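Read the figures in this text as sums done on the coordinates, not as results from a lab. Keep in mind that what you see is a predicted model, and the values were worked out from it rather than measured. Here Cβ is always computed from backbone atoms with ideal geometry, including for glycine, and neighbour counts include all displayed protein chains.
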Amino acid sequence: MKKYNFTVLIEKDPEVNLYVGVVPGLPGCHTQGETIDELLKNMKEVIELFLETQKKKLVDLPQFVGMQQIEVSA
C-alpha cells in the first residue's frame, strides 16, 4: 500500500469554537474538530475516503507548492 503525505490548512473558527481543516487541491476534503488531534483524526478519515473513490486517478493528485501571505488594504 502506497503512502501519501498531504498538507492540511487549519484555522480556528471563533463562532463555533472549532478547528477547521482543509486539504488544498482535494475537493471535498475538509472537516472540523474540537481539538487539533480530533481534527487530524477526522481529516485522515476524510482523505482515506477520498483516495478510495479516486483509485484510478491517483497519478493526477495535485502537488502542494507552498503558502504565501499577502498584505492588502481595505
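Between helix 36-53 and the chain there is an angle of about 40 degrees, using the helix long axis and the longest principal axis of the Cα atoms.
In the list (i) 17, 43, 29, 10, 1; (ii) 18, 43, 26, 9, 4, 0; (iii) 21, 57, 22, 1, the label attached to P(r) over Cα pairs in 10 Å bins from 0, in percent as derived from the coordinates here is (i).
Extending 7 Å from the Cα toward the beta-carbon at both Glu15 and Ile70 defines two label points whose distance is 2.4 nm.
Quick check: net charge around Asn17, other residues with Cβ under 15 Å of its Cβ, Lys/Arg +1 and Asp/Glu -1?
Local net charge: -4.
Here the contact order of the chain, divided by its residue count and restricted to Cα pairs under 8 Å and six or more residues apart, works out to 21 percent. Of the peptides 30-41, 11-22, 63-74, the ranking by mean beta-carbon count within 10 Å, highest at the top, reads 30-41, 11-22, 63-74.
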